[in-house]
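Remarks on the structure that follows.
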Amino acid sequence: MTMRRAKRILHVAGNDLRIMVGDKAFFFWTLAFPIFFIVMFGLLYKSGENAPAVAELTVVNLDEGRWGGYFVEKIKAPNLTIKTADAEPAEYSRLLVLPADFSARIEARRDQALAFKKRSGASVKAAARVETRLYQSIARVISELVLYGEGDLTKFLDGHPEFRDIVRVESRFPEKTVTVVPSGFDHSIPGTTIQFIMMMVIIYGGVTVLEDRKKGVLARMLFSPLSTADVFQAKLLGRWSLGFLQALMLIVVGKIFFGLNLGSLPLALLVIAVFALAMAALSVFIGSLCTKEDMIIGLAVLLANMFAGLGGCWWPNEIVPPAVRRVAMISPAHWAMDALHKLRFFQGGFADILPNLGVLLALSVVLAVVAGRAFKIRD
Amino acid sequence: MRRLLLVLANDVRRHLKAPMAILIFMVIPLGMTGLIGVIFAPQTEGSELPPISVLLVDNDKGLASKLLVGAFDVDQMKEMFQVTVTDEADGRKRMGRGKASAMVVIPEGFTLDLLDAKPVTLLVVKNPSEQFLPDVVEEFMNTMAVMLSGVVQAFAEEVRGIRAMLDRPVESFPWDKLGPEFGKAQKKVVAARTYLDPLILRLKAEETKAAGARTSFTQADLFSAVLPGMAVMFLLFIVQTLMRDIISEREDGKLRRMLTTPLRPIELIGARIAGGWVMGIAVLLVMVAAGTLIFRATWGPLGGFLLLGAVASFWAAAFFALLHALVRNRNQSGAFSAPIILAFSLFGGSMMNLEAMPKAFRTVGILTPNRWFIDGAALLRDGRFPFVPILILAGSGILLLALAVPALRRRTSV
């Protein structure tokens, strides 16, 4: 490729980018709206992290003896807030009921089942924390009862051997990865960026290819020294630069306002660049194939949402069933998100993300070839 | 009226001739509902989570560590955890690549330290890219730690005996003294059985709804809960696409030509709004049919749902009629409509569960048609008539129509 030809392609691509960026709605779609998503999902992720700290349990202690109070003391933990009520309230997230004969049954060594009610829709994570704590408290009380032996249980609370935590659990992250829990925005910004690159590049890129073809702009361009292949390459480059520019803006905003940490920034940008290339090729392909703007928008929304949902842009991949995780490999977003996770959460290097880059690059080449064949100057 | 119906019929025919865009907008909510349903449906009986991948490193290989490893082998735990026993080097390598949710490391000398009643620490290495599953493993290990601590304390004397036995050569061990020791242990085991079989304290966990009623949530229920939110979101997109004719006909001169016929502007406006309304109802009907066939979704009484859908579709037609009376051209229409629909959907609960949203966002959601449609659909599924949602959608729809018609008449005059 001669320098002059490269300059022409760059000129057309730059002009395409200038026209797209000049659109009044551009900044809303590429910046304001994704930021709105980032804040929303960031807060959701954050509330997920905070759930154990604010996990609430309402206890209705109807016990007529002393064991009820003793058991409630056993439940208490720093990550648990216990509210007491005289009767089952209308509003609660989790509720434990200690019956009137709670002490009497323990003292008579008779078994009992305690009603533990979890409100559907309340935090699953907090519910799991509370339920586990209740099981641990039961284990502690039963251990003390076994230790106490066959003595008179009515006198148990006057003096008994205390439970000691001989076995303790310590938790940490793997070596050479992160040392502090990543923020909600470290999860939401990469996901939103990948989703909106897909959506915006396909919509803007596809619609402008369609409009240029319908209005005869592409045909007129051939009167210049540009060939059809040059026009195609310029269109591809213009759409790639749109996606990359959008990602840069979101990352800068994320760094300034949300303390975003992507691990290695140059490598994260490399992943996004290759991903944007695949989306640029897809946008030219869809723009060449469709004859109506509404179809492009519909296809863009459909593909972007399906790829984003499958690829782990919306929810943590851990909750996704293994079969769906395998299906997710068809989503380009999966490979980009996986690479960004390796960089952020495992402090990965170039070698770690090489397979992801390989897949995304291969996809870009295939889509570019397909788009090149479908690209047409006139309808 | 006849002319209005003729324009309306012609519009419907025209849209049905090129239905691809509408079809895509109908496929999206069904696809999204399917995806959400597959991901969030209960994985196994009684569990909402996929199997948790755990790496287990036993550096002790003693009696206590084997008991601990065995705890993962109980049937209920097998469903919950997918355990891989490995060595520490391999485990660290795998965790460094995020190949498991957590790694549990049982330290060397674990059994002997326990027998000496010395404090021991189990290590849980958590996957930093996961937010929920590693915590489940940590809490499970915390529970196991409490149980082990309890056993060691309850059988402290016996534990000391075993420890002494391990320290002495076999030939010098006083085997004749073992009998009474076993006798004491047997008494304790028998006493412990009073508390353990059946457990003297158990939990009877149940899930309740706001009214306190019991509920079991199936995949079909999940589809039924998700689909209305998705349907109303894309109903807005479809009605907006149809109502854009108001602008495009003004731009390309069709409107001017149509008004040279005996057609009055009010008839044309009426036909456009009625067209959006009727097509909206038709789209909802197709979605109800597809949702029922594909996802076995339930809607409550069909008549009630159709009434709710008709009111929501009327609201959408009136809203976009007003919006298209206010914008100048197609570009402005596109620039305003899509963000408004997405904002409605985000705040109104189409994109995420309302209960998971911050309170301020939920309050804003009251201003959206999505919220009232979703609430109405939920009430219908619960067997209650959605009087308030229908009233609010119909009332605000009439208000929007009252504002839209005069505004459109001004823009339609030639």
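Would segment B:188-202 turn up any residue that is exposed (fewer than 15 other Cβ atoms within 10 Å of the Cβ), among the basic types (Lys, Arg) and modelled with pLDDT of 75 or more? Checking segment B:188-202: at least one residue is exposed (fewer than 15 other Cβ atoms within 10 Å of the Cβ), among the basic types (Lys, Arg) and modelled with pLDDT of 75 or more. On inspection, B:Thr292 fails the criterion of being in the same structural domain as B:Asp375 (by TED's automatic domain parsing) and either at pLDDT below 85 or farther than 28 Å from B:Phe223 by Cβ (or both). Among the residues of segment B:239-283, those that are over 37 Å from the mean Cα position of the chain (by Cα) and either among the small types (Gly, Ala, Ser) or not assigned by TED's automatic domain parsing to the domain that holds B:Phe314 (or both) comprise B:Ser248, B:Gly253, B:Gly270, B:Ala271. Please find, within segment B:118-149, the residue that is nearest to the other protein chains (Cβ to nearest Cβ) out of those that are under 20 Å from B:Asn59 (Cβ atoms) and in a loop (DSSP other than H, G, I, E, B). Going through the qualifying residues, I end up with B:Pro119. Looking only at residues of segment B:14-35 that are at the interface with chain A (Cβ under 10 Å from one of its Cβ atoms) and free of Cβ contacts under 8 Å to residues at least 40 places away in the same chain, we find that the one that is nearest to A:Leu299 (Cα to Cα) is B:Ile24.
Quick grid of which residues meet (1) in contact (Cβ under 8 Å) with a residue 60 or more places away in the chain; (2) polar (S, T, N, Q):
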{"position": "B:Lys359", "(1), (2)": "no, no"}
{"position": "B:Arg362", "(1), (2)": "no, no"}
{"position": "B:Pro386", "(1), (2)": "yes, no"}
{"position": "B:Ser396", "(1), (2)": "yes, yes"}
{"position": "B:Leu403", "(1), (2)": "yes, no"}
{"position": "B:Pro406", "(1), (2)": "no, no"}
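Does B:Ala321 satisfy the condition of being in contact (Cβ under 8 Å) with a residue 24 or more places away in the chain and over 22 Å from the mean Cα position of the chain (by Cα)?
Values: in contact (Cβ under 8 Å) with a residue 24 or more places away in the chain: yes; over 22 Å from the mean Cα position of the chain (by Cα): yes.
Spelling it out, B:Ala321 is indeed in contact (Cβ under 8 Å) with a residue 24 or more places away in the chain and over 22 Å from the mean Cα position of the chain (by Cα).
Residue-wise test of (1) at pLDDT below 85; (2) buried (at least 17 other Cβ atoms within 10 Å of the Cβ); (3) not assigned by TED's automatic domain parsing to the domain that holds A:Gly149.
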site: A:Trp29; (1), (2), (3): yes, yes, yes
site: A:Phe37; (1), (2), (3): yes, yes, yes
site: A:Leu57; (1), (2), (3): no, yes, no
site: A:Gly65; (1), (2), (3): no, yes, no
site: A:Glu73; (1), (2), (3): no, no, no
site: A:Thr84; (1), (2), (3): no, no, no
site: A:Pro99; (1), (2), (3): no, yes, no
site: A:Arg105; (1), (2), (3): no, yes, no
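Beta carbons closer than 8 Å, at least 6 apart along the sequence or on distinct chains, pair a first residue in segment A:24-49 that is farther than 14 Å from A:Met199 by Cβ with a second that is among the charged types (D, E, K, R) and at pLDDT below 75 for A:Gly48/A:Lys125.
Checked against (1) in a helix (DSSP H, G or I); (2) crowded, with 22+ Cβ neighbours inside 10 Å; (3) at the interface with chain B (Cβ under 7 Å from one of its Cβ atoms), A:Pro190 meets all criteria but (3).
Evaluating B:Asp87 against the criteria (1) surrounded by fewer than 21 Cβ atoms within 10 Å (Cβ to Cβ); (2) touching a residue at least 24 places away in the same chain (Cβ under 8 Å); (3) more than 30 Å from A:Asp338 (Cβ to Cβ) leaves one unmet condition, (3). Consider A:Val327 carefully, then state whether it is closer than 23 Å to B:Pro50 by Cβ, among the β-branched types (Val, Ile, Thr) and in a helix (DSSP H, G or I). Answer is yes for this residue.
Of the residues making up segment B:251-263, those that are assigned to a loop (DSSP other than H, G, I, E, B) and touching a residue at least 40 places away in the same chain (Cβ under 8 Å) are B:Leu259, B:Pro262, B:Leu263. Considering each residue of segment A:202-214 in turn, none proves to be touching a residue at least 12 places away in the same chain (Cβ under 8 Å), farther than 30 Å from A:Ile297 by Cα and surrounded by fewer than 20 Cβ atoms within 10 Å (Cβ to Cβ).
Of the residues that make up segment A:166-187, is at least one more than 46 Å from the chain's Cα centre (by Cα) and surrounded by 12 or more Cβ atoms within 10 Å (Cβ to Cβ)? The answer is no; no qualifying residue exists.
Take B:Ser129 and decide whether it is over 22 Å from A:Glu162 (Cβ atoms), surrounded by 17 or more Cβ atoms within 10 Å (Cβ to Cβ) and either out of contact with any Cys (no Cβ under 7 Å at 6 or more places or on another chain) or at pLDDT below 85 (or both).
Values: over 22 Å from A:Glu162 (Cβ atoms): yes; surrounded by 17 or more Cβ atoms within 10 Å (Cβ to Cβ): yes; either out of contact with any Cys (no Cβ under 7 Å at 6 or more places or on another chain) or at pLDDT below 85 (or both): yes.
Judged against the criteria, B:Ser129 is a match.
So if I check each of B:Leu222, B:Leu255, which one is in contact with an Asp or Glu (Cβ under 7 Å, 6 or more places away or on another chain) and surrounded by fewer than 22 Cβ atoms within 10 Å (Cβ to Cβ)?
Values: B:Leu222 fails: in contact with an Asp or Glu (Cβ under 7 Å, 6 or more places away or on another chain).
The conditions single out B:Leu255.
Among the residues of segment A:303-326, not a single one is among the β-branched types (Val, Ile, Thr), within 8 Å of chain B (Cβ to nearest Cβ) and closer than 30 Å to B:Asp245 by Cα. Quick one: which of B:Phe305, B:Phe336, B:Phe319 is away from chain A (no Cβ under 14 Å), surrounded by fewer than 24 Cβ atoms within 10 Å (Cβ to Cβ) and more than 22 Å from B:Arg2 (Cβ to Cβ)? The unique qualifying residue is B:Phe305.
Out of curiosity, is A:Gln112 touching a Phe, Trp or Tyr at 6+ places or on another chain (Cβ under 8 Å) and of a type in the set (S, T, N, Q)? Quick ask: steps written out before the conclusion?
Values: touching a Phe, Trp or Tyr at 6+ places or on another chain (Cβ under 8 Å): yes; of a type in the set (S, T, N, Q): yes.
Yes; evaluated as a whole, the condition is true for this residue.
Scanning segment B:48-70 for residues that are closer than 23 Å to B:Leu133 by Cβ, touching an Asp or Glu at 6+ places or on another chain (Cβ under 8 Å) and either of a type in the set (D, E, K, R) or away from every other protein chain (no Cβ under 14 Å) (or both) gives a single hit, B:Val69.
What helices (runs of 4 or more DSSP H) completely inside segment B:334-414 contain at least 1 residues that are more than 30 Å from B:Asp221 (Cβ to Cβ) and in contact with a Pro (Cβ under 8 Å, 6 or more places away or on another chain)? Show your work before the answer.
Details: elements: B:359-365, B:369-381, B:387-412.
In segment B:334-414, the matching helices (runs of 4 or more DSSP H) lie at B:387-412.
Scanning segment A:123-180 for residues that are assigned to a helix (DSSP H, G or I), among the small types (Gly, Ala, Ser) and more than 7 Å from chain B (Cβ to nearest Cβ) yields A:Ala126, A:Ala127, A:Ser137. Name the residues in segment B:8-38 that are surrounded by fewer than 19 Cβ atoms within 10 Å (Cβ to Cβ), modelled with pLDDT under 80 and among the β-branched types (Val, Ile, Thr), would you? Once the filter is applied, which keeps residues that are surrounded by fewer than 19 Cβ atoms within 10 Å (Cβ to Cβ), modelled with pLDDT under 80 and among the β-branched types (Val, Ile, Thr), segment B:8-38 yields B:Val12, B:Val38.
When A:Ala104, A:Ala87 are checked against the criterion of being farther than 19 Å from B:Phe140 by Cβ, in contact (Cβ under 8 Å) with a residue 12 or more places away in the chain, assigned to a loop (DSSP other than H, G, I, E, B) and more than 9 Å from chain B (Cβ to nearest Cβ), A:Ala87 stands alone in meeting it.
The values are calculated or read from the model by the stated rules, or taken from the named source; none is laboratory data. Bear in mind the structure is a predicted one, so any value in this text is a computation, not a measurement. We place every Cβ from the backbone using ideal geometry, glycine too, and count neighbours over all the protein chains shown.
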